[in-house]
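Taken together, the values in this text are just the output of simple stated rules run on the coordinates, not laboratory data. Here the structure is a predicted model, which is why all the values come from computation and not from measurement. Cβ sites come from the backbone with ideal geometry, for glycine too, and all protein chains shown count toward neighbours.
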Amino acid sequence: MTILSGVYIFLFYAAMAIFLLGLANRIRIYARTPAPLKIVTTPAPVTQAGVVMRMTREVVLFESLFKSSKWTWIFGWIFHLSLLLAFFRHLRYVISPDFFLWPLVNNLVVQSFGLYAGFGIAIGLAGLFARRILVDRVRYISNPSDYLMLILIFAIAMTGLGMTYVAPTDIVSLKMFILGLFYFDWQPLPDDLMLLAHLTLVLVLMIIFPISKLLHAPGVFFSPTRNQVDNAREKRHLAPWAAKLDATRSGSGSQQNG
């Protein structure tokens, strides 16, 4: 095994640890953050089933974005749909044919449309990047990290397309390397320049993901403006810490009265 392979093996394990631990910690913070008030965005559902349906529409169709900006919705939806296709297409590099997900990953739709997902990602990112530059109110609130994140993902998409159409790599050796990471049976990594650039950018994305705005992916499920039931008139809303404080006060009052 070459030194280069050893370096990337270490980097993959380190990046995966940072990604998983950082993401788990951020989700823990989201879950423990109290919502002292009913701040659900109206019109809002009045039942829990309605909340589930609303959240589903938000995650799948980007309902609120569609209502606020059609152009942003078009580019955002193209980007996310293409990213999903690319994800499923890439799964064939990390699972074996006897795995139960193999028929889902290796079907004609995923492999055919997923082959062009990189173009969809690039088109969507180009539109979102142009939005940050051309729309005054968006440019005003944009930080350098917002631009750098779009550039990073765009570079990942372009190097991926380069591996497909410009400088193809040894896919079999690459899959053996990836599977070796999971089974701790380490294999040499192809030393193609385009592949190394693609993997390096992916590692950078994994490392910075837990501290970036990409956390809106899990964060949307913890947004009180989306996950609350609009029943403030029917039921008193108390955050867990407020409920404990209320119970403590009630207990103290009962003892004083006694």
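Within the range 162-199, the residues that satisfy the criterion of being within 22 Å of the chain's Cα centre (by Cα) and either surrounded by 15 or more Cβ atoms within 10 Å (Cβ to Cβ) or among the charged types (D, E, K, R) (or both) are ILE178, ALA197, HIS198, LEU199. As for the range 14-23, it holds no residue that is out of contact with any helix residue (DSSP H, G or I) (no Cβ under 7 Å at 6 or more places or on another chain) and either surrounded by 17 or more Cβ atoms within 10 Å (Cβ to Cβ) or β-branched (Val, Ile, Thr) (or both). Restricting to the range 91-118, count the residues that are touching a residue at least 12 places away in the same chain (Cβ under 8 Å), of a type outside the set (Lys, Arg), outside any loop (DSSP other than H, G, I, E, B) and surrounded by 14 or more Cβ atoms within 10 Å (Cβ to Cβ). So the count comes out to 9. Residues in the range 32-62 that are assigned to a helix (DSSP H, G or I) and either of a type in the set (Lys, Arg) or surrounded by 16 or more Cβ atoms within 10 Å (Cβ to Cβ) (or both): ARG32, VAL51, ARG54, MET55, ARG57, GLU58.
Residues of the range 91-114 that are within 24 Å of MET158 (Cβ to Cβ) and touching a helix residue (DSSP H, G or I) at 6+ places or on another chain (Cβ under 8 Å): LEU91, ARG92, TYR93, VAL94, VAL105, VAL110, GLN111, PHE113, GLY114. For residues in the range 173-222 being in contact (Cβ under 8 Å) with a residue 60 or more places away in the chain and aromatic (Phe, Trp, Tyr), which is farthest from ASP146 (Cα to Cα)? That would be TRP186.
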